[in-house]
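I'd like to ask you about the structure that follows.
The values are calculated or read from the model by the stated rules, or taken from the named source; none is laboratory data. All values reported here derive from a predicted model rather than from experimental measurement. Cβ: placed from backbone, ideal geometry, glycine included. Neighbour counts: every protein chain shown. With ligands, DNA and RNA removed, areas are computed over all heavy atoms of the protein, side chains included. Shrake-Rupley method; radii C 1.70, N 1.55, O 1.52, S 1.80 Å.
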Amino acid sequence: MMKIGFDNDKYLKIQSEHIKERIAQFDGKLYMEMGGKLFDDHHASRVLPGFKPDSKLRMLGQLKESIEIIIVVSAEDIERNKIRADLGITYDEDVLRLRDEFMKRDFMVGSVVITHYNGQRTADQFRHRLERMGIKSYIHYPIDGYPHNVELIASDDGFGKNDYVETTRELVIVTAPGPGSGKMATCLSQLYNENKRGIRAGYAKFETFPVWNLPLKHPVNIAYEAATADLDDVNMIDPFHLEAYDKIAVNYNRDIEIFPVLNALFEGIYGDNPYKSPTDMGVNMVGFCISDDEVCCQASRDEIIRRYYTATNKLVDGADNENEVNKILLLFNQAKITTATRRVTVAANERKQQTGHTSAAMELADGKIITAKSSPLLGCSAALLLNVTKELAGIDHDVKLIPQSMIEPIQKTKIEYLGGKNPRLHTDEVLVAISVLSQHDDNCRRALEQLPLLRGCQVHSTVMLSEVDRKIFKKLGCGLTCDPVKKK
């Protein structure tokens, strides 16, 4: 079993209770901006072992009857066909995907807000599409000088020009396909327009990282900086919180830099600001649910190293991201780690030095490390899967799960008929082969049954794996890294 460092059940309980308390501080109406991944927060699950990827959604499920969701998308992003890199779909398509995903889970999705609207034809077309689907939509406009021209913004010529989004429930979740969509501006616009209607609605920001009540240089917070190195986010001590309460809290540069502006906006809307610091605006309770700090620290160190390899692999592939790589190397110094801190990385490279072949290694849940090398028949990652499943099933390592007589015809098909250049079997081909053999071979059946035990295991390869292999390890739930070396 993977070591657990986070109490997920406690998180679901106290996080939902804290949000209820925040709602009660206002006139029974809270607009909560939610960034990050709601359905699959794998970063959180990696640095906080025990945190489920869909924990935020599960937590919201406890408040489902009180929740209404607004999905925000920028007309500018629609106009330029902005793509979600992880999904390969445009932002407008992702709005519909998000709506479907929420509704499958019985959440109420009230409407879509199109922000930064300035007559874009593609935004009009998208709005007509929403109308045909029976989905309410609203328009929010650019405001000259946003966010600094507070006098204009908090007026009938600023937020007052925006459509007022009609909502019926006390907790309104404002989310979006990605950053820069206008979530915060939508929340603030609603506060202004609610206030005109005599309702003192509240605002809260829900972001998991950085964790405000962990030390600035805690590995969990450093791992967040590594994850956002391409955005140049920097964790900082919140000076407003320190001044107001004489207590140290961690936030990040963009929220701290914008707080004076938000303070002026709140004063323009309410007459005063209910929050004394950007940390005050947050509702994150993750830091109270860490059950084993050292487990989370080690997982976070692994994550920092993983982010380094991801960045160096992109660099080798031609990305212009030297600054990202260099920033993560600086974070190595802060976390007092090197790539050798990750045991599985060392093991893979030692196997390569011993054999002269590209190699791979996996660290199992009990800390044992299994290695494998490439051969004329198998790539190192495919060989690794066979070695690991044999180890877990108690099968002698000399046993050949896939006979050579079966591998050779597959190789012939790959090279002669499909025009491939690499005859070695990939991980997916190996898994298909032992699946077929498992019908009549007890060893193959037992080996397949070990695959669920690989979730959470760490893997390293001394060569950059193919997209197929990377996807297989991802589906198995393994934390994969690769040396920034391309296959020859």
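Once the Cβ-Cβ distance between Arg200 and Ile4 is put in as r, and R0 is 30 Å, what FRET efficiency do you end up with, to the nearest 0.05?
0.10
How large is the Kirkwood hydrodynamic radius of segment 211-257, counting all unique pairs of alpha carbons, in Å?
10.8 Å
Gap in Å between the Cα centre of segment 457-488 and the Cα centre of segment 343-419?
Rounded to whole Å, the Cα centres lie 13 Å apart.
Provide the convex hull volume over Cα atoms per residue for segment 1-101, in Å³.
Dividing the Cα hull volume of segment 1-101 by its residues yields 130 Å³.
Additional query: Quote the FRET efficiency, to the nearest 0.05, computed for Gln62 versus Leu231 with a Förster distance R0 of 45 Å and r equal to the Cβ-Cβ distance.
After rounding to 0.05, the efficiency reads 0.90.
Return the lysines within reach of Lys82: Cα separation strictly under 28 angstrom, same-chain partners fewer than 8 residues apart disregarded; answer none if there are no such residues.
Lys37, Lys56, Lys104, Lys136, Lys161, Lys183, Lys205, Lys314, Lys327, Lys471, Lys474, Lys475
So, one more: Alpha carbon centre of segment 140-154 versus segment 1-76: separation in Å?
What the calculation gives is 30 Å, centre to centre.
Obtain the nm distance between the two label points defined at Asp272 and His148 by a simple spin-label model: each point lies 7 Å from its Cα along the Cα-to-C-beta direction.
Placing both labels 7 Å along Cα→Cβ, they lie 2.9 nm apart.
Let me ask something else. Evaluate the charge dipole of the chain about its Cα centre and quote only its size in Debye, nearest 20, assuming +1 on the Cβ of each Lys and Arg and -1 on the Cβ of each Asp and Glu.
Dipole of the chain, to the nearest 20 debye: 1560 debye.
Quick check: from the Cα gyration tensor, does segment 356-469 come out rounded (a/c under 1.5), prolate or oblate?
Verdict is oblate for segment 356-469.
What's the FRET efficiency of Val346 with Asn213 using the Cβ-Cβ distance as r and R₀ = 25 Å, to the nearest 0.05?
My answer for the efficiency is 0.15.
Can I ask one more? Can you order the peptides 431-443, 178-190 by their average number of other Cβ atoms within 10 Å per residue, highest first?
Ranking, from highest mean packing down: 178-190, 431-443.
Here is a further query. Sort Arg343, Arg46, Arg307, Arg121 by accessible area with a 1.4 Å probe, largest first.
Of Arg343, Arg46, Arg307, Arg121, the descending order of accessible area is Arg121, Arg343, Arg46, Arg307.
Still on this structure, I have one more. How do Glu151, Glu449 rank by accessible surface area computed with a 1.4 Å probe, from largest to smallest?
Glu151, Glu449
OK, next. With the crude spin-label approximation of a point 7 Å out along Cα→Cβ, what separation in nm comes out for Asp157 versus Met108?
3.7 nm
For Leu330 and Asp86 in the same chain, what is the full-extension length gain: residue separation times 0.36 nm, less their Cα-Cα distance, in nm?
This chain segment gains 85.2 nm when fully extended.
Moving on. Per Stokes-Einstein, at 20 °C and 1.002 mPa s, what whole-number D in µm² s⁻¹ belongs to the chain, with the Kirkwood radius over Cα pairs as the hydrodynamic radius?
So the translational diffusion coefficient is about 86 µm²/s.
For the pair Arg121 and Glu467, how long in nm is the line joining their label points, each one 7 Å along Cα→Cβ?
The two pseudo-label positions are separated by 3.2 nm.
Whose amide H sits under 5 Å from the amide H of Met236, counting only residues 5 or more places off or on another chain, with H placed in the peptide plane?
Asn251, Tyr252, Asn253
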